[in-house]
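No lab work stands behind these numbers, since they all come straight from the coordinates. Just so we're clear, the structure is a prediction, and the values are computed from it rather than from any experiment. Here the Cβ is made from the backbone with ideal geometry for all residues, glycine too, and neighbour counts use every protein chain on show.
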Amino acid sequence: MAKHPPHDDDPIAEKFPGLSSDKPIKSISVERPLDSDKKTVIESNLDGPNGDDSTRPTGSTSSTARAKSRATKPAREPQQLQPAADQQTVLELPPSPEHRKARRRKVWTITAIIVLVVVTGGWALLYFSPILAIEEISHEGLDLVAESEAEERTAVLAGTPLPQVNDRNVTELFADTPAVDDVTVRAEPPHGLVVIVNEHTPVAMSPKGKQYVVFSESGIELAEIPSQRAQEFDLPVVASASDVVDQEVFDTITEVLGSLPDDLREEVRAASGASIDSIELELSSGKTVMWGNNEQAQKKIQVLEALLGLDEDQAAEISEYDVSAPDFPVTR
């Protein structure tokens, strides 16, 4: 590199004697990296236009020097820009079918619990509240049981909230009444209760002094009723229980009467029997039926109904129907 003496009028040389013409002019460039506050200082030699570097102003950087500095400086790795925390955009994916199903199940569970709590609370309020206290009690289905007896037994229900009354606990009030099979109740809010008494079906009655004893098909004594009411029932009359020496015979009579259909039993006026194999029925027409025992009852009923269906001319000559052997019926 060519060297030339420094000019006398060079103010830089005067001010900085250490800068001689034989020394290359050095330039310092300062760069601030984008991602750092540290300064990078690059030193480079600058030459003048004719190989003389004295004409270059101190502190300037030639394009060649900048090229060298870029070539020598390691390339910075590309930085991934991160958005600010308050400017980040989050993309929410739609929920999966399993997630939607679990969410629906949770909603339904919560709803069911709320409804259950409300219903339970409301029912508990009505169950113990006097708002629905019973004040009026009426009865239905009373034939064998007297109205006065039913009123006496159900009087304890007065003042009880309607929700506390059910079929079972009212039936227990009639537990020692043989005529009652069971009891059903019907609430008539706000203060009414209807007691429906379901009685056993009577199939026969027997005179007992001035009254009649009504029996079920199993021979159980259901009730004692006045003779006037007994006529309303129009039941077959059997001998008094005290007149039947053998209780088995009496039970067989009631079983026979209980096996008859309602329309046929209504035609029976009386029943009797010397033994369990010789049960005899007296019809309202005055004719008799030799029934025998209670075996093959359904076949005997079919045969008897067929015989009673004969035309008037044939029936006029018959006074007795014998169906004790239903395969070989006899008329007399």
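A few points about this structure:
- Normalising the average separation of contacting C-alpha pairs (under 8 angstrom, six or more residues apart) by the number of residues puts the relative contact order of the range 204-331 at 17 percent.
- Estimated FRET transfer efficiency (LEU308, THR111; beta-carbon r; R0 51 Å; 0.05): 0.15
- When Rg and the Kirkwood radius Rh are both evaluated on Cα atoms of the range 204-331, their ratio Rg/Rh stands at 0.97.
- Spin-label proximity, ALA187 to the range 137-177 - amide N less than 17 Å from point 7 Å beyond Cα toward beta carbon: 137-138, 157-171
- Sorted peptide list for 246-254, 224-232, 108-116, criterion being average Cβ within 10 angstrom, highest first: 246-254, 224-232, 108-116
- Theoretical gain in end-to-end length, ALA297 to SER278 [0.36 nm per residue, Cα-Cα removed]: 5.5 nm
- Computed FRET value (nearest 0.05) for PHE328 with ALA175, which takes r as the C-beta separation and R₀ as 56 Å: 0.70
- Our summary gives the range 131-199 a relative contact order of 46 percent, counting only alpha carbon pairs under 8 angstrom and 6 or more residues apart.
- Amide H to amide H distances under 5 Å link GLU217 with VAL203, where only residues 5 or more positions off or on other chains count and H is placed in the peptide plane.
- The value given for the range 131-199 is a Kirkwood hydrodynamic radius of 11.9 Å, derived from the mean inverse Cα-Cα separation.
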